[in-house]
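Encoded as structure tokens, the structure appears first; notes follow it.
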Amino acid sequence: MTRSDERHPLIHPGTLRAVSRGSRHQHPAPPSIMTVIRDAGPPLPAPTLEAAVSAVRARGLRLSAARRLVLEALFAASEPVGAEHIASGLDGRLPPSDLASVYRNLETLAALGLVRHVHMGHGPGLYALTQARAREYVSCERCGAYVALAPEVLDGVRAAVREASGYTARFTHFPVVGLCPGCARGEA
């Protein structure tokens, strides 16, 4: 196994740190084979499963059966989906798989730029394929409903945030949170 930083820009040599479990005797941890740097690359939209498979292989990574299953699940899903839902087989559309493996593969695919992680309210994080034209979200803090929007719809909000703070806001990872029309009517 090589440790070439030039061949694999997302993979860098790293070390493990020993974690103390209350013992006074700490043993040094063995060096790790690699550390995957999260969110290291720019978004890498893949319009088809075949394009995503090619992108994985072009970056020197293996396309294991588990990784392919995660990609298939994301292409089959019509909206952002949780790791647990992928592992359960998307309501019978795909074979079930190991949850830890699903999380590992989602993290790797996110580091490559093929997948993005989205938080909608108080539930677990959701995952979606990176798109050429990123969707942004508004989410109801009461019922958890959310709506995907084209980025230009939130340009006024983005401009107000930039004017007030100097920050450039993006709503692809965390949505704009408020009350949906149904929950807002219930408050009145």
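The values are calculated or read from the model by the stated rules, or taken from the named source; none is laboratory data. Predicted model only: the values in this text are computed from it and were never measured. All Cβ positions, even for glycine, are placed from backbone atoms using ideal geometry, and neighbour counts span all protein chains on display.
Go through (1) surrounded by 15 or more Cβ atoms within 10 Å (Cβ to Cβ); (2) under 18 Å from the mean Cα position of the chain (by Cα); (3) within 13 Å of Ala134 (Cα to Cα) for Leu154 and report which single condition fails.
Failing condition for Leu154: (2).
Residues being part of a helix (DSSP H, G or I) and under 20 Å from Ala148 (Cβ atoms): count how many of those fall in segment 53-84. Step through it out loud before you land on a result.
Initially, segment 53-84 is screened for residues part of a helix (DSSP H, G or I), giving 53-58, 65-76, 83-84.
Still in the running and under 20 Å from Ala148 (Cβ atoms): 73-76, 83.
Qualifying residue count for the region: 5.
Of all residues being in contact with a Lys or Arg (Cβ under 8 Å, 6 or more places away or on another chain) and surrounded by 15 or more Cβ atoms within 10 Å (Cβ to Cβ) in segment 172-182, which is modelled with the lowest pLDDT? Just the residue, please.
Top of the filtered list is Thr172.
Just to be sure I understand, how many residues within segment 41-81 are surrounded by fewer than 18 Cβ atoms within 10 Å (Cβ to Cβ), of a type in the set (Gly, Ala, Ser) and under 27 Å from Gly121 (Cβ atoms)?
2
To keep it simple, each residue is scored yes or no on (1) small (Gly, Ala, Ser); (2) part of a helix (DSSP H, G or I); (3) in contact (Cβ under 8 Å) with a residue 24 or more places away in the chain.
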site	(1), (2), (3)
Ala110	yes, yes, yes
His117	no, no, yes
His122	no, no, no
Ala128	yes, no, yes
Gln131	no, no, yes
Ser139	yes, no, yes
Asp155	no, yes, no
Arg162	no, yes, no
Thr168	no, no, no
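Sort through Ala148, Ala184 and tell me the only one that's outside any helix (DSSP H, G or I) and among the aliphatic types (A, V, I, L, M).
None of the others qualify; the one that does is Ala148.
Could you count how many residues in segment 85-108 are of a type in the set (D, E, K, R) and either in a loop (DSSP other than H, G, I, E, B) or not assigned by TED's automatic domain parsing to the domain that holds Arg57 (or both)?
3
Taking segment 38-84, which residues are in contact with a strand residue (DSSP E or B) (Cβ under 8 Å, 6 or more places away or on another chain) and of a type in the set (Asp, Glu)?
Matches in segment 38-84: Glu79 only.
Do the conditions hold for Gly125, that is, is it out of contact with any His (no Cβ under 7 Å at 6 or more places or on another chain), at pLDDT below 95 and not acidic (Asp, Glu)?
So Gly125 fails the test.
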